[in-house]
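The values are calculated or read from the model by the stated rules, or taken from the named source; none is laboratory data. The structure presented is a predicted model; accordingly, all values stated were derived computationally and were not measured. Using ideal geometry, Cβ is built from the backbone for each residue, glycine included, and neighbour counts are taken over all protein chains shown.
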Amino acid sequence: MDASVAEGLRAIVGDAGLATSRARRVPYECDGLAYARRVPDVVLLPRTTSETARSLAFLHERGIPIVPRGAGTGLSGGSTPVEGGVLLSTARMRDVIEIDVLNRFARVQAGVVNVDLTHACEHHGLFYAPDPSSQKACTIGGNVGENSGGPHCFKHGTTTQHVVGLVFVTAAGEVVDLSRPSVDPVGLDLVGLFVGSEGTLGVATEITVRLLPAPPATGTLLAIFRDLDHACDSVTDIIAARLEPSALEILDQRTIAVVEASVLAAGYPKDAAAVLLVDCEGTHVEVESTMRAIEPIVKRRGAFELRHARTVAERTQLWAGRKGAYGAMGRIAPDLYVSDAVVPRTRLRELVRATTEICEKRGLRVANVFHAGDGNLHPNIAYDRRDKDELARVLDAGDEILRVCLAAGGSLTGEHGVGIEKIAGMSWQFTREDLAVMCRARDAFDPDRRMNPGKLLPVRACMETRSRPPRGEAHEVRT
Amino acid sequence: MSLVRERLEEEIGVRAVGSFSVDGRSMPLAFANSEEQVLALLRLAAHRSWRVVPVGSGTKVAHGPMPEKPRFGLSVRGLSGVTAYERGDGTISARAGSTMAALAQVARSGGNHLTPDVAGPQSATLGGVIGAGSSGIDRLRYGPLRNHVLGMRVVLSDGTVAKSGGRLVKNVTGYDLHRLYTGSRGTLCVILEASLRLFPGPERELAITATYFTRETALANAVAALATSAKPTCVCVTGPTNGRWTLTIALSGRGDVVAWERDELQRILGESVVLEADAARTAIDSLRDRETDATLRASVVPGGMRGVLAALDAQLAVHRATAECVIQPGIATVDVVLRDLECLPADAACVSGVARALSDADAQVELREAPAEVRAGFDPLAVVPKSARALMTSLKASLDPAGRFADPFTSPVRV
């Protein structure tokens with residue numbers, strides 16, 4: 001990249017807002033999808049919306065691609081600069097701008113870490129609901145880009161249900177201020193479209209989120225099984241019984257073993273084939289009522305031991321094992337491929353079994369820890385990216401898992417996004433027409449397609465929309 | 001017979017073309033009975049350069065901004081029926097013309113609850129409800145409609161049939177275009193089919209009512225109820241009726257939980273009446289259906305409610321007018337029914353004055369059963385920044401380049 005570009009950006013963001021040396025750029029070469037890497041040409045770290053807007057306008061004039069990035073905890077390669085250009089990190093945008101206790105919302109800069117927001121409002125008796133496993137590191141801006149979930153989105157919904165306002169900057173450097181909270185969108189729901197767009201429509205710089213009142217009671221139950229199938233069936237039964245816990249998470253035997261061997265040991269029994277972690281929130285009456293209804297269901301499905309967390313410390317410990325499962329997997333291999341398919345919740349058993357078989361027949365080590373209540377599978381395949389043969393088998397297994405889940409009425413991703421990892425799969429799930437309409441929506445924001453190029457939408461689908469008649473001209477109706 | 005009606009009848013038959021009116025302007029309404037007919041009608045519109053208004057049951061066409069110069073309405077009421085009901089998964093998919101009552105019945109038969117619980121469910125269609133972005137009387141408990149739309153299949157004005165999302169309760173694959181289409185008022189597409197998330201059907205439903213001499217007392221009790229740990233389906237303050245204000249709180253859910261919530265709320269409210277089962281349902285339905293009478297709806301953040309009500313009172317005093325209100329402090333909306341309007345200049349001035357005063361009090365105002373001249377002169381997008389408005393225009397141009405669908409948002413008509 002021309003040195004004048006870095007100098008022009010430096011004039012806007014200062015020395016602290018720019019990383020040009022290779023040593024400072026290398027940490028941004030990938031996110032959690034470790035096998036795909038490319039060092040960005042320049043790393044830009046603006047401090048404000050204004051700096052972001054001026055920088056993007058500067059880059060717009062020069063036609064340079066922009067790759068937005070939060071904390072880099074994503075698992076689909078969404079912030080990997082596959083086509084080079086400027087990587088825009090929100091790491092210096094860390095201000096909690098406002099917490100409105102009366103109206104229960106918070107306005108934060110995009111780089112605020114997820115868990116820090118809850119810490120900032122918990123003394124008001126409020127919390128921010130989406131809780132990805134990476135919540136100690138991931139940012140609210142990154143969560144907006146990916147429409148992130150987490151265990152408790154079973155009850156509370158993913159990020160999109162909690163974002164009530166946004167300030168974002170388009171590829172051309174235009175600031176779009178939709179931060180005024182409103183009961184419903186005024187006009188077209190731009191915020192709803194933007195959330196989950198994986199950085200392809202612009203850079204979110206300020207986010208207004210809904211805060212929820214902390215529940216008066218939370219119950220946590222660990223149900224221990226000798227068979228993974230039975231744990232899956234019990235989740236299907238709980239949902240069919242129309243019960244409303246706030247989280248339903250399953251960890252399989254390999255995950256339990258890894259967690260228990262790590263510093264995150266949660267006291268899960270090592271001889272169990274699976275554990276089901278259940279959270280219930282609400283009034284004491286509600287929590288007790290729901291737990292009382294769940295117990296016979298899991299027992300009927302073969303749970304041989306039930307453990308209730310009696311104290312906050314016990315609850316925290318049970319959840320520490322679940323939240324730390326990905327980190328603990330580092331004990332068995334240097335890299336982890338985390339699949340993220342979603343399936344109908346009535347078909348959990350067969351699809352968890354199918355994904356495990358897909359990995360095992362390729363000689364891969366797979367551990368399952370997943371959001372069972374949402375049907376969001378996470379077969380985690382441990383591998384070493386330096387082993388080319390193993391990497392090829394991992395990618396092959398990943399593709400087959402997605403195809404099997406799609407064939408069962410599932411979807412490519414429940415919370416990690418498409419990124420570069422699942423971009424080929426977009427044409428398995430969607431028709432050319434479906435993708436072309438998405439490309440047309442993208443063109444309304446970024447006609448030059450410089451925002452996060454190579455992500456989410458397959459190039460071929462977008463190229464086809466290029467051959468359409470120019471805007472404003474009547475189209476022939478397809479028959 | 002008009003040329004438009006003649007051509008529509010040639011296309012889909014005489015019996016499939018009716019009439020409807022927006023603000024006294026009558027125009028043909030074409031009832032498509034198949035997706036092929038929808039495509040044929042759009043092709044006709046493209047060929048003739050006619051602007052189309054997609055219509056559900058037609059009850060909300062006159063809400064909000066006026067569509068610009070439409071030539072005919074396109075109804076998909078003929079496209080009805082459930083295409084998938086996954087009882088165990090808690091999802092339902094249906095064609096856009098299905099009525100909400102029919103879908104609710106299917107959901108109930110499997111022990112599920114369909115939200116939104118909208119006014120006039122016997123005639124309100126799935127497509128119309130989504131197009132209008134209507135959240136029902138149960139919004140306090142379940143959240144806005146847009147959170148429950150899992151996916152959609154639509155047709156654009158150029159005949160492209162495309163889907164987004166799917167039938168799963170969790171799914172982030174691709175753009176959430178279905179969120180964009182929700183509440184887009186037919187600006188971008190005709191909805192053909194949609195999937196909704198369902199919730200557990202309640203074991204027990206009841207309603208608690210209490211009557212007060214002043215609105216402030218009723219609201220104070222409503223706020224106190226909202227501050228408890230109970231999770232009501234709705235908390236409404238209505239009135240004045242014979243000088244009294246009524247607080248209605250609806251509860252639903254597991255039997256023991258509802259019983260606890262009832263006791264907790266009665267302890268706070270003092271003298272109150274508990275309605276069970278059918279009587280509760282009747283009371284809730286009555287509240288729900290009052291939405292159709294509203295002259296306008298004002299929405300505001302909860303902290304702004306006091307200012308909005310003060311602005312309303314001041315305007316009513318200026319115009320010597322009376323109004324009935326349905327106030328939902330939990331979601332911070334006020335439905336205002338201005339009585340005895342006959343579209344006289346004085347009435348128009350009153351509605352216009354109230355709308356402007358509420359806007360000035362930071363409320364988002366949606367005109368509903370308001371005189372045409374008031375709607376024509378009121379820009380609900382005035383609060384939207386220019387850059388966002390430009391993006392909306394750009395999206396419209398990208399998805400409906402020929403401007404075939406009437407556009408109430410980006411270029412509302414001005415009289």
Requested in this report: Please enumerate the residues belonging to the stretch A:189-222 that are within 27 Å of B:E366 (Cα to Cα) and in a loop (DSSP other than H, G, I, E, B).
Outcome: A:D189, A:V195, A:L211
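Matching residues to (1) in contact with a strand residue (DSSP E or B) (Cβ under 6 Å, 6 or more places away or on another chain); (2) of a type outside the set (A, V, I, L, M); (3) closer than 30 Å to A:A444 by Cβ:
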site: B:D347; (1), (2), (3): no, yes, no
site: B:D362; (1), (2), (3): no, yes, yes
site: B:G377; (1), (2), (3): no, yes, yes
site: B:P380; (1), (2), (3): no, yes, yes
site: B:A388; (1), (2), (3): yes, no, yes
Query raised in the report: Checking B:K163 against (1) basic (K, R); (2) within 9 Å of another protein chain (Cβ to nearest Cβ); (3) over 15 Å from A:D434 (Cα atoms), which test does it fail?
Result: (3)
Query raised in the report: Can you name every residue in the stretch A:268-317 that is touching a residue at least 60 places away in the same chain (Cβ under 8 Å), in a loop (DSSP other than H, G, I, E, B) and buried (at least 16 other Cβ atoms within 10 Å of the Cβ)?
Result: A:T283, A:R301, A:G302, A:A303, A:A309
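Is at least one residue of the stretch B:332-342 within 30 Å of A:D446 (Cα to Cα), in a strand (DSSP E or B) and either in contact (Cβ under 8 Å) with a residue 40 or more places away in the chain or touching a His at 6+ places or on another chain (Cβ under 8 Å) (or both)? Full working, then the answer.
Of the residues in the stretch B:332-342, the ones within 30 Å of A:D446 (Cα to Cα) are none.
No, the stretch B:332-342 contains no residue that is within 30 Å of A:D446 (Cα to Cα), in a strand (DSSP E or B) and either in contact (Cβ under 8 Å) with a residue 40 or more places away in the chain or touching a His at 6+ places or on another chain (Cβ under 8 Å) (or both).
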Query raised in the report: Is it the case that the stretch B:156-179 has a residue that's under 22 Å from A:E198 (Cβ atoms) and aromatic (F, W, Y)?
Result: yes
Query raised in the report: If A:N147 satisfies every condition in (1) over 19 Å from the mean Cα position of the chain (by Cα); (2) over 22 Å from A:C280 (Cβ atoms); (3) within 14 Å of chain B (Cβ to nearest Cβ) but one, which is the exception?
Result: (1)
Query raised in the report: Only one residue in A:V176, A:V186 is of a type in the set (V, I, T), assigned to a loop (DSSP other than H, G, I, E, B) and facing another protein chain (nearest Cβ under 9 Å). Which one?
Result: A:V186
Query - Test: residue in the stretch B:114-132 that is at the interface with another protein chain (Cβ under 9 Å from one of its Cβ atoms), assigned to a loop (DSSP other than H, G, I, E, B) and in contact with a helix residue (DSSP H, G or I) (Cβ under 7 Å, 6 or more places away or on another chain) - result: no
Report task. Tell me, please, whether a residue that is closer than 17 Å to B:G128 by Cβ, at pLDDT 95 or above and either out of contact with any helix residue (DSSP H, G or I) (no Cβ under 6 Å at 6 or more places or on another chain) or not in a strand (DSSP E or B) (or both) can be found in the stretch B:81-90. Result -> yes
Requested in this report: Can you work out which of the residues in the stretch B:13-48 that are in contact (Cβ under 8 Å) with a residue 60 or more places away in the chain and out of contact with any strand residue (DSSP E or B) (no Cβ under 9 Å at 6 or more places or on another chain) is farthest from B:I191 (Cα to Cα)?
Outcome: B:G24
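For the stretch A:331-351, name all the residues that are in a helix (DSSP H, G or I) and under 20 Å from the mean Cα position of the chain (by Cα).
Initially, the stretch A:331-351 is screened for residues in a helix (DSSP H, G or I), giving A:331, A:345-351.
Result: A:R345, single match.
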Query raised in the report: Among the residues of the stretch B:114-124, is any over 25 Å from B:T173 (Cα atoms) and under 9 Å from the mean Cα position of the chain (by Cα)?
Result: yes
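Among the residues of the stretch B:174-201, which ones are surrounded by fewer than 23 Cβ atoms within 10 Å (Cβ to Cβ) and facing chain A (nearest Cβ under 9 Å)? Walk me through how you get there before you give the answer.
Step one: filter the stretch B:174-201 for residues surrounded by fewer than 23 Cβ atoms within 10 Å (Cβ to Cβ), giving B:192, B:197, B:199-201.
Across the stretch B:174-201, the qualifying residues are B:F199, B:P200, B:G201.
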Query raised in the report: Taking A:R310 and the conditions (1) more than 14 Å from chain B (Cβ to nearest Cβ); (2) within 20 Å of A:V352 (Cβ to Cβ), which numbered condition does it fall short on, given that it satisfies the others?
Result: (2)
Query raised in the report: From the residues in the stretch A:413-453 that are at the interface with chain B (Cβ under 10 Å from one of its Cβ atoms), part of a loop (DSSP other than H, G, I, E, B) and of a type in the set (V, I, T), which one is farthest from A:P81 (Cα to Cα)?
Result: A:T431
Query raised in the report: Which is surrounded by 21 or more Cβ atoms within 10 Å (Cβ to Cβ), at pLDDT 95 or above and within 22 Å of A:L248 (Cα to Cα), of A:E146, A:E198?
Result: A:E146
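Of these, B:A370, B:A357, which one is in contact (Cβ under 8 Å) with a residue 40 or more places away in the chain, assigned to a loop (DSSP other than H, G, I, E, B) and surrounded by 19 or more Cβ atoms within 10 Å (Cβ to Cβ)?
Values: B:A357 fails: assigned to a loop (DSSP other than H, G, I, E, B).
Just one listed residue meets the conditions, B:A370.
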Query raised in the report: A:L59 is checked against (1) outside any loop (DSSP other than H, G, I, E, B); (2) touching a Ser or Thr at 6+ places or on another chain (Cβ under 6 Å); (3) buried (at least 23 other Cβ atoms within 10 Å of the Cβ) and fails just one. What number does that condition carry?
Result: (2)
Query raised in the report: If we keep just the residues of the stretch B:362-387 that are among the hydrophobic types (A, V, I, L, M, F, W, C) and over 18 Å from B:A323 (Cα atoms), which is farthest from the other protein chains (Cβ to nearest Cβ)?
Result: B:A372
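Within the stretch A:384-412, which residues are outside any helix (DSSP H, G or I) and within 25 Å of A:I332 (Cβ to Cβ)?
So the first thing to find is which residues in the stretch A:384-412 are outside any helix (DSSP H, G or I), and the list is A:384-387, A:408-412.
The answer is A:D384, A:R385, A:R386, A:D387.
Within the stretch B:304-313, can one find any residue that is more than 25 Å from the chain's Cα centre (by Cα) and among the acidic types (D, E)?
Residues of the stretch B:304-313 that are more than 25 Å from the chain's Cα centre (by Cα), as a first pass: B:310, B:313.
After this cut, where a residue has to be among the acidic types (D, E) as well, the list is B:313.
For the stretch B:304-313, residues more than 25 Å from the chain's Cα centre (by Cα) and among the acidic types (D, E): present.
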Query raised in the report: Can you name every residue in the stretch B:241-286 that is under 24 Å from B:R339 (Cα atoms), touching a residue at least 40 places away in the same chain (Cβ under 8 Å) and crowded, with 20+ Cβ neighbours inside 10 Å?
Result: B:T248, B:A283, B:I284
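Restricting attention to the stretch B:133-156, report how many residues are more than 8 Å from chain A (Cβ to nearest Cβ) and of a type in the set (S, T, N, Q). Break it down into steps so the answer makes sense when it comes.
Pass one, the stretch B:133-156, residues more than 8 Å from chain A (Cβ to nearest Cβ): B:134, B:136-142, B:145, B:148-155.
Filter again for of a type in the set (S, T, N, Q), leaving B:134.
Residues meeting the conditions: 1.
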Query - Matching residues in the stretch B:23-74 - criterion: being modelled with pLDDT under 85, surrounded by fewer than 22 Cβ atoms within 10 Å (Cβ to Cβ) and more than 21 Å from B:M100 (Cα to Cα) - result: B:D23, B:G24, B:R25, B:E68, B:K69
Query raised in the report: Could you list, in sequence order, the residues of the stretch B:47-82 that are within 13 Å of chain A (Cβ to nearest Cβ) and not hydrophobic (A, V, I, L, M, F, W, C)?
Result: B:H47, B:R48, B:S49, B:R51, B:H63, B:G64, B:P65
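Report yes if some residue within the stretch B:164-176 is in a strand (DSSP E or B), free of Cβ contacts under 8 Å to residues at least 60 places away in the same chain and closer than 22 Å to A:C405 by Cβ; otherwise report no. So that I can check it myself, show each step before the final result.
Our first condition is that a residue be in a strand (DSSP E or B); within the stretch B:164-176, this holds for B:164-165.
Filter once more, keeping what is free of Cβ contacts under 8 Å to residues at least 60 places away in the same chain: B:164-165.
So of that shortlist, the ones also closer than 22 Å to A:C405 by Cβ come out as B:164-165.
The answer is yes, given that some residue of the stretch B:164-176 is in a strand (DSSP E or B), free of Cβ contacts under 8 Å to residues at least 60 places away in the same chain and closer than 22 Å to A:C405 by Cβ.
Let's see how each residue does on (1) more than 10 Å from chain B (Cβ to nearest Cβ); (2) small (G, A, S):
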position: A:P130; (1), (2): yes, no
position: A:Q161; (1), (2): no, no
position: A:A171; (1), (2): yes, yes
position: A:V203; (1), (2): yes, no
